[in-house]
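To start, the structure under review is shown below, and the notes come after it.
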Amino acid sequence: MSLIEVEDLSRTFVVRRRAGRVRRTTDVVHAVRDLSFDVERGEMVGYIGPNGAGKSTTIKMLTGILVPTGGRLSVAGIDPSRQRVDLTRRIGVVFGQRTTLWWDLPLRDSFDLLRRIYRVDPQRHRRNLDEFTELLDLGALLDTPVRQLSLGQRMRGDIAAALLHDPEILYLDEPTIGLDVVSKGRLREFLRRVNEERQVTLLLTTHDLQDIEQLCRRVMVIDHGSLVYDGSLAGLHARGESTRTLVVDLVDEAAPIEVPGARVTRVEGPRQWLSFPAGASAAPIVASVASGYDVADLSIQEPDIEDVIREIYSRR
Amino acid sequence: MLYVAVALRSFRRYSTYTAATLAGIFTNSVFGVIISFTYIAVWKENPTAGGYDVTDAVTFCWLAQAMIMTVAVWGGGTTDDVADRIRTGDIVIDLYRPVSFLGWYLAGDLGRSAYHLLTRGLAPTVVGALLFDLRFPDSPATYLLFLVSVALGVVVSFGIRMLVACTAFWLLDQTGVLSLAMVCAVFFSGLAVPLVLFPGWTRDLVLALPWAALVQTPIDLWLGHSTGVEAVAGLGLQATWAAVLLLGCGLVLRVADRRLVVQGG
């Protein structure tokens, strides 16, 4: 049995709107429609989609704070909305835009309260706290009130807080939002480690596609409440017919380069951009360019996942 | 125990704002002086108004100042956090915790009130005792009864404030409800004037309402106006209101939770 099982999951909202002085119309909005997927223990899954696609609605149902209107789901063998309290002990939730820490208390006190809330054995708590303190570099922050922490520091505190009770699944909603490049990198490194060493299953929603590229082997793309893609990152590229770009700096300006398997998309003085399918090898193209032209320099640009997803959306 | 830890943390949280505490003590003392002179003038005209003598009246005024923050007559306390969290949506974080929502915030509010009793309660009373002739209970048992009554008053006040805070689940703008709640609390608790001054049947009515538990009931115990059976009845009424209000809060929270979880608020 999979850790997370979702079958034909649906959620509709009834929206009442004023359509006149007295008259009101009732609209049914399908936030999530017939969603089906399984997540195995230890997976790291990126869950992406535009605003309003149904990401948050899905997470709310998976964590039990929203009742589905249709379909079936089970998380760690539990029906989330029926046994919300049992489930809370087995999952961790991190919201990039909200904090689970207490504003006026030092970080250490927040952690201690969480230990009592989840009734974590003091020894295990100490072990976890020591480990997270070291990995997330929290040592100097433990006695600082949360309100005085920077966003990056607070986020590190929040992630540690969500993991202190050894959850099997960690949901992360926009965990890197608003963080600088260094903080993002550090956080991703930590998440990778937690996933590897503790076998914590990670499900993250994000708008930062680098999160996905660096963390997740599996991507689920949702749009208008339905799953439009579920598979590997490479497969997503193929599906979106994404292309790689070979940037060629010629010694002199020249007419557009003509080589098999690639076509010129842009010319700017001696620099030309050639695009070719992401799945194809760059070697023969580079070889034929180098043999036919006077090349000063070459570089390859990897496809941008954002373009790929835009492509998938636009084709629907 | 979790709830004791929560109360202690809350106590410590409020104790970090020393400047605000000092400013508050000053304000309470100034108002204490002003109202004392008003009461002295009133009782000079009618020395037995409401069954109080002038010492009772002045003591009442200082104790009422001491109760303002302790039982949070104006509102405030951890229920303000709840209203804020409902408005911002942070309330979902509370839903993800395997603890009693009501117990959590009540424990926090009791911790807060303990801090306010020791600072905003004690200090103005000392000031009042230095400036005026106040009446103090002569038996330790009376002090104990008073403290029990204050604690019950905090729970009753918490129940009312929590119900008010929960209206944020349905109302976008709470201003009206908050003003109404504040006016009721100020008039029906005894903070504006001792409830014993209300004429005829209105006096019996206001004494039976939950707000009397906030200020009037504890002070009558302190002054020795309710003793024996009357004291037990007073505490019993407080306890009853506390239980009814907490049950009401539990019910409202259940409905709100359902609305959030089933209808998707």
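The values are calculated or read from the model by the stated rules, or taken from the named source; none is laboratory data. Keep in mind it's a predicted model, so treat the numbers as computed, not measured. Here Cβ is always computed from backbone atoms with ideal geometry, including for glycine, and neighbour counts include all displayed protein chains.
Quick notes
For (1) in a helix (DSSP H, G or I); (2) over 21 Å from the mean Cα position of the chain (by Cα); (3) among the aliphatic types (A, V, I, L, M), each residue gets a yes or a no:
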site	(1), (2), (3)
B:D138	no, yes, no
B:L144	yes, no, yes
B:S149	yes, no, no
B:I160	yes, no, yes
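- Matching option when the condition is of a type in the set (V, I, T) and over 19 Å from A:I169 (Cα atoms), among A:T58, A:T25: A:T25
- Test: residue in the stretch B:26-47 that is loosely packed, with under 15 Cβ neighbours inside 10 Å, away from chain A (no Cβ under 14 Å) and not in a helix (DSSP H, G or I): yes
- From B:A20, B:A83, B:A7, residue being surrounded by fewer than 17 Cβ atoms within 10 Å (Cβ to Cβ) and of a type in the set (G, A, S): B:A20
- Residues of the stretch A:66-85 that are surrounded by fewer than 23 Cβ atoms within 10 Å (Cβ to Cβ), at the interface with chain B (Cβ under 8 Å from one of its Cβ atoms) and either of a type in the set (D, E) or within 24 Å of A:A161 (Cα to Cα) (or both): A:S81, A:R84, A:V85.
- Some residue of the stretch B:67-74 being modelled with pLDDT under 90, closer than 30 Å to B:V127 by Cα and hydrophobic (A, V, I, L, M, F, W, C): yes
- Top-ranked residue in the stretch B:222-237 [being assigned to a helix (DSSP H, G or I) and over 20 Å from the mean Cα position of the chain (by Cα); ranked as surrounded by the most Cβ atoms within 10 Å (Cβ to Cβ)]: B:E230
- Counting only strands (runs of 3 or more DSSP E) that fall entirely inside the stretch A:225-316 and contain at least 3 residues that are without any contact (Cβ under 8 Å) to a residue 40 or more places away in the chain and exposed (fewer than 15 other Cβ atoms within 10 Å of the Cβ), the qualifying elements are A:263-268.
- Of B:G250, B:G176, all but one fail to be touching a Leu at 6+ places or on another chain (Cβ under 7 Å), surrounded by fewer than 17 Cβ atoms within 10 Å (Cβ to Cβ) and more than 14 Å from chain A (Cβ to nearest Cβ); the exception is B:G250.
- Lone qualifier among A:R116, A:R156, A:R127 - being in contact with a helix residue (DSSP H, G or I) (Cβ under 8 Å, 6 or more places away or on another chain) and either in a loop (DSSP other than H, G, I, E, B) or away from every other protein chain (no Cβ under 14 Å) (or both): A:R156
- Some residue of the stretch A:53-62 being surrounded by fewer than 15 Cβ atoms within 10 Å (Cβ to Cβ) and in the same structural domain as A:L203 (by TED's automatic domain parsing): no
- Assessment of the stretch A:265-277 against the conditions (among the aliphatic types (A, V, I, L, M) and outside the structural domain of A:I59 (by TED's automatic domain parsing)) yields at least one matching residue.
- The residues of the stretch A:130-153 that are loosely packed, with under 15 Cβ neighbours inside 10 Å and assigned to a helix (DSSP H, G or I), listed by number, are A:D130, A:E134, A:G139, A:A140, A:R147, A:Q148, A:L151.
- Annotation note: of B:W62, B:W74, the sole residue that is more than 14 Å from chain A (Cβ to nearest Cβ), part of a loop (DSSP other than H, G, I, E, B) and under 30 Å from B:D133 (Cα atoms) is B:W74.
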